[in-house]
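All remarks here apply to the structure that follows.
The values are calculated or read from the model by the stated rules, or taken from the named source; none is laboratory data. Everything quoted here is computed from the prediction, not taken from an experiment. Ideal geometry is used to build each Cβ from the backbone, glycine not excepted, and the neighbour counts take in all protein chains shown. What goes into the accessible areas is simple: the full protein's heavy atoms, side chains included, and nothing from ligands, DNA or RNA. Shrake-Rupley method; radii C 1.70, N 1.55, O 1.52, S 1.80 Å.
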Amino acid sequence: MADEAKAKGNAAFSSGDYPAAIHHFSDAIALAPTNHVLYSNRSAAYASLQNYTDALADAKKTVELKPDWSKGYSRLGAAHLGLSQYGDAVSAYEKGLKIDPNNEPLKSGLADAQKALAAASRPRSSAANPFGDAFSGPEMWARLTADPTTRAYLQQPDFVKMMQDIQRDPNNLNLHLKDQRIMQALGVLLNVKIQTPPTGADTDMPDSPSPSAAASERKRAAEAEPAKQPESEPEPEPESMELTGEEKGAKQRKAEALKEKDAGNAAYKKKDFDTAIQHYTKALELDDEDISYLTNRAAVYLEMGKYEECIKDCDKAVERGRELRSDFKMIARALTRKGNALVKLAKCSKDYEPAIETYQKALTEHRNPDTLKKLNEAEKAKKELEQQEYFDPKLADEEREKGNEFFKQQKYPEAVKHYTESIRRNPKDPRAYSNRAACYTKLGAMPEGLKDAEKCIELDPTFVKGYTRKGAVQYFMKEYEKSLETYREGLKYDSNNQELLEGIRTCIQQINKASRGDLSPEELKERQAKAMQDPEIQNILQDPVMRQVLIDFQENPKAAQEHTKNPMVMNKIQKLLSKKAHLGALRQSD
C-alpha cells in the first residue's frame, strides 16, 4: 500500500501537481513511517511550493533515518538555501559530498550556497544587476516549475540554456530580454505580472518594449524589491543587436543538429539503420543538450538487435536529461526503451526483474499506457517462465510419495505440504490434487477438498478417484443428492468400482431416512435449512405460482389434481421432493 501511494506521489510530482504529491507521500509515510525516501520526496514537493520550512523538517527527518544517504543532505541543503540560511546550506552540502564526493547535484548545490553566502556577506555594488537574487539558487527552478506557463518552457532546451546562462551571470539577462519567454520568467521570479503581446508561438521574438511600458516595468520591479536602494535600470538591448560569435556558433550548431536528426529519422523509416546511426551521432556531436538524439539512436539499436548499445544510450539519456531538467516524458521514453531492450535480452525469469523495475521507473516519470502494457506483459512472461523453470515431473512424483507416507502416518498437514509442492512441480497431474483433497477431507477443510476434487476431474474426467473424492466431500457436507449424482457420474467410467457403489448405497440410505421418518427434529431442521440454501430450491419457493401450488396441495385437493397435469409444475414439485424440502415449504405457506 505504501509503494502504491509513493508511486502516485511520484506521478503527481512529475506532472507538477505538488499539493497532490504531498498528499500521496503523506499517505505513504503513515503506512511506512521509517522509510527515508518518502520524507525525501515530500521535502522536494514542499520545496517546489517554496514551503521551505516544511521542506527542512522533512529533510532533517530523512537525514535522521538514513544518515549515510547523500540525497538527504541534498534535500537539507536546498531547504536551508530556500530559507536563506546559506551557512547551514554549505554545511549540509559538504556533509553530503563526504559520503558521495562525485555527486553532481551536491556539487552544484554547494556552489550555489557558497555563491549566495559570499553575495550576502559583501556590500552590494550599485552597478550590480537589480534582478540578480531572482536567479540565484535552486529556488529559481522551483518557482518556474510551479507556474503553469513557465513549466512548459522548461521542456524547451534553448530556454533552459538561457536561464542557466543568466543564473551563472545575472548581467546576461540583457542579452535575452528580447525573448518573450525570458520576460515571462522574470515576471514569475519577481512575483509581478508582466504584460506580453500575444504571439503565435512561445519562441517568437517580441518587439522592444515602448518607453512607457519599460518605465512601468521598472516601477513594478522596484515595488517588488522594496528593501533595495534605487539603482539604475539597464535598458533592454535593441532587437537589431548582433549576436556574439559564441552565440551565433551555438545557434548554428543547433540548427545543423536538427537537420541531422531529420535525416536520421528519414533513414530510420527506410530501415537504413547504419545511416540513421551516423546522423544521430553527428547530431549529438553538434548539440549534446537534446536527449532526443540519444533516445532515437537507442531506438535504432533496438531494431538492429544491438541491445547493449541501446541500454547504454538510454542510460546516458536519463542521466543527461536529469542534468538538463528535460521533459519527464523524454526521461520516461528512454526508460521504456531500456526496458524493451532488457526484455529482449531476458533468457530466464530472473532476467525479467531489471526490465520490470525499469518499466516501473518509467511509469513514475510519465503514466504512459503503452509502458503499462509492456510492464504487464513482462510480469506475465516472468511468471510463466518461473512455472516452466519449476516444472519437474520427477521431483513432483517424489514429493507426492513423501505426502503419501505422511498420509499413512495420519500426519495430514505435513502431507498437504508435500502434495502442494508436487502440484507446483507438475500442475497437470490429477493424482496430487486427488491426494490433497483426501487430506483436506480428513482435516475437515471441505471447501478446499471439494475444489481439489473438481480440479482433479477437470484435468482428467476419466480419473475415477476424482469422483470418489468429490462424492465423499459432498457426503460429509450432507449434500447427499449431489454426492449421489457425483458417484453415479463416476460409474460411467468404471461401472464395477466398489468405492463408487458403496458411496451410492450410503447416500441412498441417508436420503431414505427422511421418507421413513427416521430423522430426529434436529436432523430434519438441518436438512430443511440446507435445502433452503440451494439456489434452485430458493428460486422455486420464491415463484408466486409455485407458492400458490403448494398452498393448493395443502388446502384444495381439487386444484392440486389440476396442477398434477402440468408437467412444468410437477417437475418443480419433484425437485422439492428430491431435496426433502417440501415439509419446510408447506410450513412456510401456512
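Among the residues of the stretch 412-429, is any closer than 21 Å to GLU386 by Cα and touching a residue at least 40 places away in the same chain (Cβ under 8 Å)? So far as the stretch 412-429 goes, yes, one or more of its residues are closer than 21 Å to GLU386 by Cα and touching a residue at least 40 places away in the same chain (Cβ under 8 Å).
Restricting the stretch 76-89 to residues that are more than 17 Å from ASP58 (Cα to Cα) and surrounded by fewer than 21 Cβ atoms within 10 Å (Cβ to Cβ), which is modelled with the lowest pLDDT? Lay out the reasoning, then the answer.
Filtering the stretch 76-89 for residues more than 17 Å from ASP58 (Cα to Cα) gives 84, 86-87.
Right, trim to surrounded by fewer than 21 Cβ atoms within 10 Å (Cβ to Cβ) and you get 84, 87.
Values: SER84: 84, GLY87: 89.
Only one residue tops the list, namely SER84.
LYS428 meets each of the listed conditions (1) over 30 Å from ASP351 (Cα atoms); (2) among the charged types (D, E, K, R); (3) not in a helix (DSSP H, G or I) apart from (1).
The residue of the stretch 377-403 that is surrounded by the fewest Cβ atoms within 10 Å (Cβ to Cβ), among those that are farther than 18 Å from LYS428 by Cα and not acidic (Asp, Glu), is LYS380. The set of residues in the stretch 237-272 being part of a loop (DSSP other than H, G, I, E, B), modelled with pLDDT under 90 and within 42 Å of the chain's Cα centre (by Cα) is empty.
In this structure, TYR412 qualifies as on the phi < 0 side of the Ramachandran plot, in contact with a Leu (Cβ under 6 Å, 6 or more places away or on another chain), surrounded by 15 or more Cβ atoms within 10 Å (Cβ to Cβ) and of a type in the set (Ser, Thr, Tyr).
The condition (being among the aromatic types (Phe, Trp, Tyr) and either modelled with pLDDT of 85 or more or on the phi > 0 side of the Ramachandran plot (or both)) is satisfied by just one residue among TYR153, TYR73: TYR73. Filter the stretch 483-510 down to residues that are surrounded by fewer than 17 Cβ atoms within 10 Å (Cβ to Cβ) and modelled with pLDDT under 90, then give me how many there are. The qualifying residues number 2.
Selection of the stretch 33-59 for residues being among the charged types (D, E, K, R) and either surrounded by fewer than 18 Cβ atoms within 10 Å (Cβ to Cβ) or not in a helix (DSSP H, G or I) (or both) yields only ASP54.
Can you spot a residue in the stretch 346-353 that is hydrophobic (A, V, I, L, M, F, W, C) and assigned to a helix (DSSP H, G or I)? Lay out the reasoning, then the answer.
Taking the stretch 346-353 as the starting set, the residues that turn out to be hydrophobic (A, V, I, L, M, F, W, C) are 346, 348.
Among the residues that remain, those that are also assigned to a helix (DSSP H, G or I) are: none.
Scanning the stretch 346-353, I find no residue that is hydrophobic (A, V, I, L, M, F, W, C) and assigned to a helix (DSSP H, G or I), so the answer is no.
For the stretch 78-112, what are the residues that are polar (S, T, N, Q) and more than 23 Å from GLN164 (Cβ to Cβ)?
Step one: filter the stretch 78-112 for residues polar (S, T, N, Q), giving 84-85, 91, 102-103, 108.
Selection gives GLN85, SER91.
Considering the conditions (1) closer than 30 Å to MET330 by Cβ; (2) open to solvent by less than 80 Å² (accessible area, probe 1.4 Å); (3) in contact (Cβ under 8 Å) with a residue 24 or more places away in the chain; (4) not polar (S, T, N, Q), ARG367 is excluded by exactly one of them, (2).
Of everything in the stretch 92-133 that is assigned to a loop (DSSP other than H, G, I, E, B) and either buried (at least 18 other Cβ atoms within 10 Å of the Cβ) or in contact with a helix residue (DSSP H, G or I) (Cβ under 7 Å, 6 or more places away or on another chain) (or both), the residue that is modelled with the lowest pLDDT is ASN129. Condition first: under 30 Å from GLY9 (Cβ atoms), open to solvent by less than 20 Å² (accessible area, probe 1.4 Å) and out of contact with any Lys or Arg (no Cβ under 8 Å at 6 or more places or on another chain). Can you find one or more residues in the stretch 424-444 that meet it? No.
Comparison of ASN296, ASN340 shows that the only residue that is open to solvent by 20 Å² or more (accessible area, probe 1.4 Å) and over 24 Å from GLN156 (Cα atoms) is ASN340. For the stretch 142-169, name all the residues that are within 28 Å of the chain's Cα centre (by Cα) and either among the charged types (D, E, K, R) or open to solvent by 50 Å² or more (accessible area, probe 1.4 Å) (or both). Scanning the stretch 142-169 gives ASP147, PRO148, ARG151, GLN155.
Scanning the stretch 534-575 for residues that are surrounded by 16 or more Cβ atoms within 10 Å (Cβ to Cβ) and charged (D, E, K, R) yields ASP534, ASP552, LYS572, LYS575.
Would you mind stating whether ARG367 is closer than 30 Å to SER14 by Cα and assigned to a loop (DSSP other than H, G, I, E, B)?
Numbers: closer than 30 Å to SER14 by Cα: yes; assigned to a loop (DSSP other than H, G, I, E, B): yes.
So ARG367 fits the description; yes.
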